[in-house]
Amino acid sequence: MKVAKNTVVSIAYTLKDAEGNVLDAAEAAEPLAYLHGVGNLIAGMEKALDDRDSGESFEVIIPPEEGYGKFDDDLVWELDKEQFGELSDVELGTQFVLETEEEQVLVTVVEIKDDVVVVDGNHELADETLYFEITVVDVRDATPEELDHGHAHGPGGAHDHDHG
């Protein structure tokens, strides 16, 4: 069966950066399962998987525009330390959801100054070109429940892993 919209696809993959460092991986024994064609993966990965066969292996290079986007300076904010109250648990790398007027953004504390905390809402892989080695482990039709919920269920699916 070929990968197409509304199929559940199980993939094994290795993600590397430009220097060849492994950033993430899913082994064939515990593949990532996702519902194809509904935006559950980054755009470049879904496009590369379109029309692939079960068992097929390939490599793909995904530019930032089809991955996690370009770095956006508008997603970096300086917040008054007073907004944090007791700072004992806020340190570099701390993540929390910041509510803006338009949306909720997951931010990471990237700098702590005398009177402000600098947070960044860009994905950690923003601006990165992504190098994937992918094997299509399995392709099957999605169940009505999976189509209704918009994600894969079962081993490797939305209730089993937190990938992508």
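Side notes on the structure shown:
- Filtered residue count, segment 36-46, keeping only those that are in contact (Cβ under 8 Å) with a residue 24 or more places away in the chain, of a type outside the set (A, V, I, L, M, F, W, C) and over 16 Å from ALA126 (Cβ atoms): 3
- Matching residues in segment 44-66 - criterion: being within 14 Å of the chain's Cα centre (by Cα) and surrounded by 13 or more Cβ atoms within 10 Å (Cβ to Cβ): GLY44, MET45, GLU46, ILE62, PRO64, GLU66
- Filter pass, ASP24 being in contact (Cβ under 8 Å) with a residue 24 or more places away in the chain, within 17 Å of the chain's Cα centre (by Cα) and surrounded by fewer than 15 Cβ atoms within 10 Å (Cβ to Cβ): yes
- Tallying residues that are within 17 Å of HIS36 (Cα to Cα), in a loop (DSSP other than H, G, I, E, B) and of a type in the set (A, V, I, L, M, F, W, C) within segment 46-78 yields 0.
- Of the residues making up segment 90-110, those that are loosely packed, with under 13 Cβ neighbours inside 10 Å and among the polar types (S, T, N, Q) are GLN95, THR100, GLN104.
- Test: residue in segment 79-96 that is in a strand (DSSP E or B) and in contact (Cβ under 8 Å) with a residue 40 or more places away in the chain: yes
- On inspection, ILE62 does not qualify as in contact (Cβ under 8 Å) with a residue 40 or more places away in the chain, in contact with a helix residue (DSSP H, G or I) (Cβ under 8 Å, 6 or more places away or on another chain) and under 19 Å from VAL137 (Cβ atoms).
- Identity of the residue in segment 111-153, closer than 28 Å to ASN6 by Cα, in contact with an Asp or Glu (Cβ under 7 Å, 6 or more places away or on another chain) and at pLDDT below 95, that ends up surrounded by the fewest Cβ atoms within 10 Å (Cβ to Cβ): HIS153
- ALA33 vs. criteria surrounded by 16 or more Cβ atoms within 10 Å (Cβ to Cβ) and either touching a residue at least 40 places away in the same chain (Cβ under 8 Å) or out of contact with any Cys (no Cβ under 6 Å at 6 or more places or on another chain) (or both): yes
The values are calculated or read from the model by the stated rules, or taken from the named source; none is laboratory data. Please read all numbers here as calculations on a predicted model, not as lab measurements. Using ideal geometry, Cβ is built from the backbone for each residue, glycine included, and neighbour counts are taken over all protein chains shown.
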